[in-house]
Amino acid sequence: MSQVSTSPSMTALGVTAKPERRDIGLGRRYAAERRFRLYGMAAIAFGLLFLFLLLFSVVSKGYTAFQQTMITIPVEFSAEIIDKDNERATNPQKLVSANYPVVARNALAKVLGVGEDDRAGLRAVNGMISDSVRVQFRNLVTTDPSIIGTTRTVTFLAHGDLDSAFKGQIDLAVPENNRKVSDKQVGWMNTLAESGALAKHFNTGLFTNGASSRPEAAGVGVAAIGSLYMMLIVLVLSLPIGVAASIYLEEFAPKNRFTDLIEVNINNLAAVPSIVYGLLGLAVFVNFAGFPRSAALVGGLVLTLMTLPTIIIATRAALKAVPPSIRSAALGLGASKMQTVFHHVLPLAMPGILTGTIIGLAHALGETAPLLLIGMVAFVADVPATPMDPATALPVQIYMWANEAERAFVERTSGAIIVLLIFLILMNVGAILLRRRFERRW
Amino acid sequence: MNMMSEAAVEKALDKKMNDISYKMIGKDVSVYYGDKRALYDVNLNVRENTVTALIGPSGCGKSTFLRTLNRMNDTIDGCRVTGRITLDTDDIYDPAIDVVELRARVGMVFQKPNPFPKSIYENVAYGPRIHGLAKSKADLDAIVERSLQKAGLWNEVKDRLQEGGTGLSGGQQQRLCIARAVAVSPEVILMDEPCSALDPIATAKVEELIHELRANFTIVIVTHSMQQAARVSQRTAMFHLGNLVEENDTDKMFTNPDDQRTQDYIMGRFG
């Protein structure tokens, strides 16, 4: 083309000659643009790499927590051990305090062919069984005392160390004295596994059980219920309070020095370290108001205080983003201020408000520090029936398990993190769905 | 009615003398935005069933004056209005006057079409609904149809009343906004440069509409287009630097204005 346009024949036709090209720094500008794009891509790649590393580390360590090694064998509920003197009709305490672990040990010893005189053998057999059989068998017998004296096939938890060994998490190359499972136990484990008596099952206990010092019986059930109570309290309190405060500040309040001060303070509160809210909650809700310690109610109140600034800021931004022409249109028709806000402005701001609220809730769900101060970092084994009962929260449970020494708690820590992440993903999906639903109205 | 205001008496006298009825009377109207004064003692009367055009260069205060007529200036922080404006016999800045009721009597159409992000039907039905003008669903349907017909939009949208109002073209949106204002059955309709965002064809339609609406409503229109003022209005008021320069019959204004500044502006020598 350039040849054609500068050819003498075209100049002869009256086409103007091309002036000399100016250097307007095009090469430099394009290079800067390319560089900037590269920086951007590098930043995103960096972020993705760490996200991938995080997920890989958590999932690879935690996926085994969703399976638990269990032993299924015929168990003789011997009257000899449970209720030797046949007192259960007169003394109900008898069935509660009976020595059930021995029942399980004898059953397993029988299957493995360990004699009743082999004390060392019996101890090794006992080490394969979770201590949680005491509670499990007690519940079986107290609900149906007629099984005493009969033999039933029962599935019960293997000991946490055996579970770790069965999942290949214990290095068998380490000298026998330095590891938690002996060679004999590993041999038995393999025999039982071959016969099908020992197998991995889906770990429902992880979702239903409370805290336990025995890793194989520990679960996030109590923590999940505690977190659920707190989320409900946060939602019920912070959404109406936050939205009402934002609507008043944005649409009704006069713009003066006092409202400016309030605005600055709200923005500052959003940046206050969460542990400070914990101290505030301890002083106000526990010491002054006298609410019970470790209760989900207090946790929920503290997290509400913490979430409010986030929700108010998000809601105000959403209200600000509604075009003023919509307000003018409604006011010009004779709508009152309140009708204008509730009929036109609020519905348009709804997607932004919901997104802000759910982000605030997700923050609150993952918050640990303030809960430590109000006593929610406690060993709670029973599911809280009301928000006034002692409870823990998912992130606190993770924190506590991370401090445990047993190998089996490592996978549980990661498993609990996975559960927490799934909750967060569900909440975010909920936010996206709600936003879509509200945005669809033109 | 022995408590008639001074302005009302004036109006009655004026009517008797000239056989002209004034719908709205503005007396010594001044507007301040904070410390800045935007209007200087404007005296301007709006005649009933007449289209009054407000012209003048940008920033001359014509939109500000228009917005004092239904107190839309109230929504601006730091805005202060002095002087007196009456609608019929009511002083609209009297504390006893409810601004919501005033705006139901003095409707407004804005510069940029601003339909609600709702259906066409809902856009028109909103005003009657909040003011309780319709007794039944059928009643409301009738108001919507009549308003859309008055706005010349009925034939174009009657089959898609439930579709979004923002999906219409710019000109249709502006006529929807006019239908929305008409649906409340106001006495006065204020239009703030209603055609500035529209193409010539849509503008022609809206102008034709203004012409027809004159039979039932008193209209005050702010416009930047001299030709539009000449085409649609019977009375024209020229503003400059916050002052009312001249107010006259449109024909006289565009052929033989009294004031030199009007002459210069219309001839395009400034502005």
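Observations, loosely collected:
- Distance from the C-alpha centroid of segment A:306-327 to that of segment B:28-57: 35 Å, rounded to the whole angstrom.
- Rg/Rg_globular for segment A:221-439, with Rg_globular taken as 2.2 N^0.38 Å and Rg from C-alpha atoms: 1.16
- DSSP bridge pairs, the protein assembly as shown: antiparallel proportion in percent, nearest 5: 70
- Axis of helix A:133-143 versus longest Cα principal axis of chain A: the two differ by about 80°, to the nearest ten degrees.
- Using a cutoff of 8 angstrom between alpha carbon atoms and counting only pairs six or more residues apart, the relative contact order for segment A:221-439 works out to 32 percent.
- Cα long-axis angle, helix A:26-62 against chain A (0 to 90 degrees, to the nearest 10): 10
- The Cα atoms of segment B:128-223 give a gyration tensor whose axes a ≥ b ≥ c have a/c of 1.5 or more with a/b no greater than b/c, which makes the shape oblate.
- Shielding of B:69-77 by partner chains, average beta-carbon count, 10 Å: 2
- Estimated 222 nm signal from helices in chain A, with DSSP H stretches of n ≥ 4 weighted -39500 (n - 2.57), rounded to 500: -18500 deg cm²/dmol
- Value of Rg to Rh for segment B:49-154 (Rh from inverse mean 1/r over Cα pairs, i.e. Kirkwood): 1.00
- Cα principal axis extents for chain B, largest first, Å: 52, 48, 40
- Other protein chain Cβ atoms within 10 Å, averaged over every residue that makes up B:59-68: 0
- Residue by residue along A:321-332, Cβ atoms of other protein chains within 10 Å of the local Cβ number 6 on average.
- In whole percents, the pair-distance distribution calculated for segment B:95-141 from its alpha-carbon pairs, binned every 5 Å from zero, is 5, 16, 22, 23, 20, 9, 4, 1.
- Cα-based helix-to-principal-axis angle, A:407-439 vs chain A, degrees rounded to 10: 40
- Dimensions in Å of segment A:68-201 - Rg and Dmax from alpha carbons: 15.7, 54
- Low-density loop cleavage sites - GluC sites (Glu not before Pro) in segment A:110-208, where at most 14 other Cβ are within 10 Å (DSSP): A:GLU116
- Its residue count N sets the reference 2.2 N^0.38 Å, and the alpha-carbon radius of gyration of chain A equals 1.48 times that reference.
- Given charges at beta-carbon only (K, R positive; D, E negative), |dipole| of the protein assembly as shown in Debye: 1240
- Take every pair of alpha-carbon atoms less than 8 Å apart whose residues are at least six positions apart; their mean separation over the length of chain A yields a relative contact order of 18 percent.
- Binning the alpha carbon pair distances of segment A:212-317 at 10 angstrom intervals from zero yields the distribution 14, 35, 30, 15, 4, 2, 0, expressed in whole percent.
- Considering only the Cα atoms of segment B:185-271, their convex hull presents on average a projected area of 6.2 nm².
- Other residues lying with their Cβ under 12 Å from the Cβ of A:ALA245 contribute a combined charge of -2, Lys and Arg counting +1, Asp and Glu -1.
- Along chain A, counting only trypsin sites (Lys or Arg not before Pro) with a DSSP assignment other than H, G, I, E or B and at most 14 other Cβ atoms inside a 10 Å radius, the longest segment between sites is A:85-254.
- Taking a ≥ b ≥ c as the square roots of the eigenvalues of the Cα gyration tensor, segment B:156-199 is oblate, since a/c reaches 1.5 or more and a/b is not larger than b/c.
- For A:TRP401, the accessible area of its heavy atoms, probed at 1.4 Å with every protein chain present, is near 10 square angstrom.
- Scaled to the globular estimate 2.2 N^0.38 Å, the Cα spread of segment A:364-425, given as radius of gyration, is 1.13.
- Distance from the C-alpha centroid of segment B:89-122 to that of segment A:30-44: 52 Å, rounded to the whole angstrom.
- Reachable lysines, given that their alpha-carbon falls under 25 Å from the alpha-carbon of B:LYS150 and they are not under 8 places away in the same chain: B:LYS23, B:LYS112, B:LYS118, B:LYS135, B:LYS137, B:LYS158, B:LYS205
- Separation of segment A:409-428 and segment B:205-237, taken as the distance between their Cα centroids, equals 67 angstrom.
- Classification of segment A:1-113 by its C-alpha gyration tensor yields a prolate form. The axis ratio a/c (a ≥ b ≥ c) is 1.5 or more, and a/b outweighs b/c.
- Mean separation of Cα pairs under 8 Å and 6 or more residues apart, divided by the residue count, gives segment A:1-106 a relative contact order of 15 percent.
- Loop-located GluC sites (Glu not before Pro) in segment A:57-97 (DSSP state other than H, G, I, E, B) with a sparse environment of at most 14 neighbouring Cβ atoms within 10 Å: A:GLU87.
The values are calculated or read from the model by the stated rules, or taken from the named source; none is laboratory data. Keep in mind it's a predicted model, so treat the numbers as computed, not measured. Note that each Cβ is placed from the backbone with ideal geometry, even for glycine, and that neighbours are counted across all protein chains shown. When the accessible area is computed, the model is the full protein with side chains, heavy atoms only, and any ligands, DNA or RNA have been set aside. Shrake-Rupley method; radii C 1.70, N 1.55, O 1.52, S 1.80 Å.
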